[in-house]
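Report on one structure; see the data block that follows.
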Amino acid sequence: MEIAILGAGSVGSYYGAVLKNKGFDVTLICRGEHYYQISTNGLFIKSNWGNYNVEIDSTDNIDNLGPFDLIFYTPKLYSNEETLPILSKISDDNTLIITIQNGVNSHNEIAKFVDKKNIIPAATFIEAEIESPGVILQQGSSAVVEFGELDNSKSNRLLDIHKKFDSKFLSFKISENILSTLWEKMIIVGAFGTIMTSFRMSFRELIDSFYGEKILRETMKEILCIGIAEGIELGSVNIDQIVTGLKEEADEMTSSMFNDLKNKKPLEIDRILGHVVSLAKEHNIYLPHSSVLVSSLENFKRG
């Protein structure tokens, strides 16, 4: 099986390293200094399960690539306009595409470029960052890909992916309802990532601040409200339980959006919490906390 990681940043590079170590043929599609260091010195992983260096194919040129059997689509949402057209160039009608991005609408954006039947939506739960070009830091005991079919069937292709890829270093979990899974992640990431970025605080500083936890909870409730308005099954969501879990990992929680702000990169805000605010307008629902948070980052979203 030939696998490509398209948009191999922190998360995608970590996936590639794990799958390469399992014996799969993996190509990282990345660019800049990250690509140069990987192609020159290999990819170095610092993880909860140990540190190691892996020799892995990488490229910043797609001209002679593909078609691949499987593509993990992992770029930042703000890169979609540039990156999505690449999909049709490195895939064919038999290529499966697992989309792992923040937000709840990535699979619909991808469907404008490839056949929807080849798309498998997924959410990832992992703390990873590029510590330096060619070096990935993964923290915490959780590295999960939760994936599923849009019709919620346990298809043979899902079972095959789970059987081949699942490991303690990267757990593959078949979702009972992938749209619910995507919204459940949105409740988490859309709230804490945006608040950390708006407040310029670490999660520990946020949760220890006077109003931090209250604002976190209220923003989560607003996202939950819009998910329900969209007809998503979210009856099992327990915000108290979510916040408790986040607080237990407070010192290890990171935000890719906050990192992007600090590095003067564009922000994914329009397609994460901004998308929720846009949906709220369609439902004529006012979200006081979410609207203020999104507005606070308006002047920074282009970097």
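The values are calculated or read from the model by the stated rules, or taken from the named source; none is laboratory data. A quick note: this is a predicted structure, and the numbers were derived from the prediction, not measured. When we count neighbours, we look across all protein chains shown, and the Cβ atoms used for this are built from the backbone with ideal geometry, even at glycine. For accessibility, only protein heavy atoms count, side chains too; no ligands or nucleic acids. Shrake-Rupley method; radii C 1.70, N 1.55, O 1.52, S 1.80 Å.
Below are the figures for this structure:
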quantity	calculated
Residue check, residue 246 touching a residue at least 40 places away in the same chain (Cβ under 8 Å), touching a helix residue (DSSP H, G or I) at 6+ places or on another chain (Cβ under 6 Å) and of a type in the set (A, V, I, L, M, F, W, C)	no
Test: residue in the stretch 288-303 that is within 26 Å of residue 178 (Cβ to Cβ), open to solvent by less than 50 Å² (accessible area, probe 1.4 Å), at pLDDT 95 or above and not aliphatic (A, V, I, L, M)	yes
Tally, over the stretch 30-63, of residues that are touching a Ser or Thr at 6+ places or on another chain (Cβ under 7 Å) and charged (D, E, K, R)	1
Extreme residue, surrounded by the fewest Cβ atoms within 10 Å (Cβ to Cβ), among residues of the stretch 17-43 that are more than 18 Å from residue 63 (Cα to Cα) and hydrophobic (A, V, I, L, M, F, W, C)	24
Residue check for residue 68: open to solvent by less than 60 Å² (accessible area, probe 1.4 Å), farther than 22 Å from residue 303 by Cβ and in contact with an Asp or Glu (Cβ under 8 Å, 6 or more places away or on another chain)	yes
Filtered residues of the stretch 190-211 (kept if of a type in the set (A, V, I, L, M, F, W, C) and buried (at least 21 other Cβ atoms within 10 Å of the Cβ))	191, 192, 195, 196, 203, 206
Residues being open to solvent by 40 Å² or more (accessible area, probe 1.4 Å), more than 24 Å from residue 202 (Cα to Cα) and part of a loop (DSSP other than H, G, I, E, B) - total across the stretch 225-281	5
Condition check for residue 173: surrounded by fewer than 22 Cβ atoms within 10 Å (Cβ to Cβ) and at pLDDT 95 or above	yes
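The rows are residues; the columns are (1) surrounded by fewer than 21 Cβ atoms within 10 Å (Cβ to Cβ); (2) modelled with pLDDT under 95.
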residue	(1), (2)
121	no, no
133	yes, no
140	yes, yes
148	no, no
155	yes, no
159	yes, no
162	yes, no
